[in-house]
Amino acid sequence: MTRHEIHTDFVVVGGGLAGVCAAIAAARNGARVVLVQDRSVLGGNASSEVRMHVVGADVHGRRPGARETGLIEEFRLEDACRNPHRSYSQWDLLLYEKVVAEPNITLLLDTVCTGCVTADSGDGPRRIVALDAVRHSTEDAFTLHAPVFADCSGDGRLGAEAGALFTVGREAKADYGEPLALDVADRQTLGSSIMFTARRHERPQPFLAPAWARKFQKHEFRLRPIEGFEYGYWWAEWGGQLDTLKDNAAIRHELLRIALGIWDYVKNSGEHPDSAHWALDWVGTVPGKRESRRFLGPHVLTQQDLEAAREFPDTVAYGGWPLDLHPPSGIDAIDEAPCRHVHLKHLYPIPLRALCSRNVGNLLFAGRNISATHVAFASTRVMATCAVMGQAVGTAAALCAAAAPRSLAAHFTGAEAARLQQALLRDDAFLPGCRNADPRDLARHAAISASDATARGAAAQVIDGVTREFFPGLGPWADGATHRWESATLPAWIELAWPEPREIAEIHLTFDSGLQRELTLSASDATTRKIVRGPQPELVRDYALQLDDAPALAVTDNYLRKRVHRLARPVTARRLRLTVHATHGVDHARVFEIRAYGPRES
């Protein structure tokens with residue numbers, strides 16, 4: 001083994017969507033990052049190895065306006081445009097491209113966290129000093145030193161090695177008073193699934209099942225209807241009655257038996273004659289794991305927190321997927337529905353204190369391993385929610401790396417919590433109940449005018465601090481307003497003016513990308529039929545910026561919601577004008593927010 005010592009600002013273990021967002025958020029906020037991923041691809045359960053579609057607070061589009069923004073929206077918009085044919089390999093490459101494009105990120109693929117060095121502070125929580133990792137394919141061993149670490153690995157290898165407190169299984173009602181909890185606690189979890197895809201051929205295609213595949217009977221699918229053949233089946237779940245860590249090899253084998261057995265039933269039972277021309281195209285070999293360790297933070301999210309949409313002073317993310325509980329034995333529980341959905345009235349906030357370790361002061365979490373009860377985790381575990389948590393912890397790490405606080409939870413209170421929230425809002429995250437109050441944003445003090453506007457799309461809304469339409473039902477703060485400028489015609493312009501000249505170095509634009517619709521990569525034809533696989537029609541396509549009367553820049557073929565333009569050199573001006581020439585479909589301009597910043601302080 002060749003040994004390497006690396007000193008950096010932030011180490012992220014786990015390259016699923018939570019880890020990718022954590023690494024990119026930290027890097028874009030100025031931190032040097034090492035991202036450690038034990039697979040050859042990024043994306044975790046969303047990657048080509050598992051192919052689970054990314055869902056979140058909008059509940060497959062059934063909660064309009066709830067779709068996550070920030071980094072995950074950037075990825076989804078770009079994927080929809082560059083990958084309309086739904087290739088999971090291209091999705092892998094997009095995530096890879098996003099990571100390697102960041103000069104502040106060192107990516108270590110095929111690299112496993114094997115341990116860490118901790119130090120006790122005596123009167124405070126212990127700290128991780130360094131992380132040990134190995135890449136066997138190149139015979140390299142790494143020791144990674146940093147003031148802040150994040151475990152986004154799902155299974156929580158780093159947290160366990162550091163001695164962070166965690167729990168496994170389902171709590172009892174007496175533990176947190178949750179109505180949906182068990183009467184008696186156990187160590188069972190949600191199970192895992194192996195997905196498969198199939199395609200239709202011109203001629204009939206036979207399927208000869210291997211001898212070791214499971215045999216299924218019609219009555220076993222009474223509560224698990226087979227609908228469509230191209231993408232199967234999330235309910236092919238098993239293994240939660242075992243140890244999803246230590247028994248993962250046995251779980252994987254049984255899930256392969258189940259996947260092949262289901263397809264054998266589809267093809268050969270006689271119950272699905274319309275499957276004659278269909279053949280398997282791909283069968284996963286990596287189980288999509290739902291649950292293992294859940295770490296304990298200063299706050300543990302509970303069923304009551306989610307159902308009441310409890311507000312927190314350190315809100316840094318949000319969720320909205322139902323409380324989605326599954327029988328641990330999955331497909332073997334033939335008399336139980338494959339899931340029990342308890343829908344939530346509102347979007348719920350997630351505090352940073354649920355993303356920090358209770359007893360390891362410089363350790364953050366994002367993903368399915370955060371501080372939540374089993375019942376609350378049943379909602380927080382979905383990948384778009386994991387992604388926004390990842391962006392939150394990455395931003396937090398970048399803001400505090402230089403200070404190296406002894407306790408991250410204690411550090412991000414009061415003014416520091418507000419600073420973190422404003423940084424997340426600036427980077428297009430959404431936080432329930434929070435609005436732009438960035439003191440550096442010059443646009444907040446500008447006078448707004450426009451060429452025209454609709455009755456619900458007043459120009460002044462571009463500086464009201466909100467970057468999405470507040471559909472009723474999102475939360476008690478949802479006022480029903482559009483919170484965007486909406487022109488009546490095209491081309492159209494909107495202008496910010498100041499009484500005195502301002503030095504402008506950076507301009508932020510946030511466009512409408514159709515948050516009322518679902519947007520995700522899915523192998524499911526039924527899901528994809530609801531999705532625009534291309535530029536979203538509401539998005540501004542061609543636009544120009546002027547400072548006073550001088551052209552500053554022009555953009556064509558835009559397909560992103562959030563655009564940040566850093567000028568080659570600061571320009572002093574009294575007026576900033578955005579002119580929209582065309583969109584990708586709608587006949588008017590839609591702009592949620594315009595921000596303007598002076599030169600950054602050195």
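The values are calculated or read from the model by the stated rules, or taken from the named source; none is laboratory data. Everything numeric here is computed off the predicted structure, so don't read it as measured data. Backbone-built Cβ (ideal geometry, glycine too); neighbour counts: all protein chains shown. For accessibility, only protein heavy atoms count, side chains too; no ligands or nucleic acids. Shrake-Rupley method; radii C 1.70, N 1.55, O 1.52, S 1.80 Å.
Structure above, values below:
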read-out	value
Region 304-386, accessible surface, carbon-and-sulfur percent (1.4 angstrom probe)	48 percent
Whole-angstrom gap from region 554-602 to region 352-416, using each part's C-alpha centre	32 Å
Three semi-axes of the equivalent ellipsoid, region 151-295, Cα gyration tensor, whole Å, largest first	36, 18, 12
The chain: calculated mean residue ellipticity at 222 nm from DSSP helix runs of at least 4, using -39500 (n - 2.57)	-6000 deg cm²/dmol
Extension gain (nm, one decimal) between HIS201 and ALA249, 0.36 nm per residue minus Cα-Cα	13.9 nm
Projected-area mean, the chain, by convex hull of Cα positions, square nanometres	28.5 nm²
Principal axis box of region 53-147, alpha-carbon based, largest edge first, Å	50, 39, 23
Between region 128-173 and region 510-533, the alpha-carbon center distance in angstrom	34 Å
Selected from ALA589, PHE312, ALA279, residue furthest toward positive end of dipole (the chain; charges at beta carbon)	ALA279
Cα-centre dipole for region 320-394 with unit charges at Cβ (Lys and Arg positive, Asp and Glu negative), debye to 20	420 debye
Per principal axis, descending, Cα span of region 109-157 in whole Å	42, 21, 14
Region 105-199: equivalent-ellipsoid semi-axes (sqrt of 5 x gyration tensor eigenvalues, Cα, Å)	32, 25, 10
Between 0 and 90°, nearest 10: helix 383-400 axis offset from the chain longest Cα axis	50 degrees
Chain lengthening between ILE226 and ALA526 when straightened (0.36 nm per residue, less Cα-Cα)	106.7 nm
FRET E, pair HIS85, ALA174, Förster distance 51 Å, beta-carbon r, rounded to 0.05	0.45
Dipole in debye (nearest 20) - the chain, about Cα centre, beta carbon charges: Lys, Arg +1; Asp, Glu -1	220 debye
Relative compactness, region 156-217, computed as alpha-carbon Rg over 2.2 N^0.38 Å	2.03
Square roots of 5 times each gyration tensor eigenvalue, C-alpha, region 309-368, largest first, Å	30, 17, 7
Residues of region 463-492 with amide N under 13 Å of the 7 Å Cα→Cβ point at ARG435	463-468, 470, 477-484
Accessible area expressed per residue, the chain, with surrounding protein chains retained (probe 1.4 Å, Å²)	38 Å²
Folded to 0 to 90 degrees: helix 88-100 orientation relative to the chain principal axis, Cα	50 degrees
On Cα atoms only, tilt of 17-28 relative to the major axis of the chain in degrees	30 degrees
Average silhouette area of region 357-461, convex hull of alpha-carbon atoms, in square nanometres	9.4 nm²
Sites ASP183 and ALA488, calculated FRET efficiency, Cβ-Cβ separation with R0 51 Å, nearest 0.05	0.25
Long pairs among LYS215/LYS246; LYS98/LYS246; LYS173/LYS218; LYS173/LYS246; LYS215/LYS345; LYS173/LYS345, criterion Cα-Cα beyond 30 Å	LYS98/LYS246; LYS173/LYS218; LYS215/LYS345
Global size of region 230-372 as Cα Rg and Dmax, reported in angstrom	19.2, 59
Peptide ranges 152-160, 350-358, 59-67 listed from the most packed, as the mean C-beta count within 10 angstrom indicates	350-358, 152-160, 59-67
Accessible area of region 223-281 belonging to carbon and sulfur atoms, whole % at 1.4 Å probe	50 percent
Base-10 log of normalised Debye intensity for region 13-105 (one unit scatterer per alpha-carbon) at q = 0.15, 0.22, 0.25 Å⁻¹	-0.59, -1.19, -1.39
Carbon and sulfur %, accessible surface of region 457-602 computed with the full protein complex present, 1.4 Å	50 percent
Among TRP235, LEU223, ALA213 the positive-end extreme of the charge dipole of region 196-258 (Cβ point charges)	ALA213
log₁₀ of I(q)/I(0) at q = 0.15, 0.17, 0.18, 0.28 Å⁻¹ - region 356-410, Debye sum with one point per alpha carbon	-0.45, -0.56, -0.62, -1.10
10 Å-binned pair-distance histogram of region 516-602 (Cα, whole percent)	14, 38, 27, 14, 6, 0
Pair ALA481, THR114: separation of 7 Å Cα→Cβ label points (nm)	5.7 nm
Accessible-area order (highest first, 1.4 angstrom probe) of the listed residues TRP498, TRP238	TRP238, TRP498
ALA550 versus LEU93: modelled label distance in nm, points set 7 Å from Cα along the beta carbon direction	4.1 nm
Gain on full stretching of the segment that runs from ARG533 to LYS345 - 0.36 nm per residue minus C-alpha separation	64.7 nm
Where N is the number of residues in region 517-562, Cα Rg divided by 2.2 N^0.38 Å	1.68
Region 373-523 - Debye-derived log10 I(q)/I(0), Cα point model, q = 0.08, 0.09, 0.11, 0.12 Å⁻¹	-0.31, -0.39, -0.58, -0.69
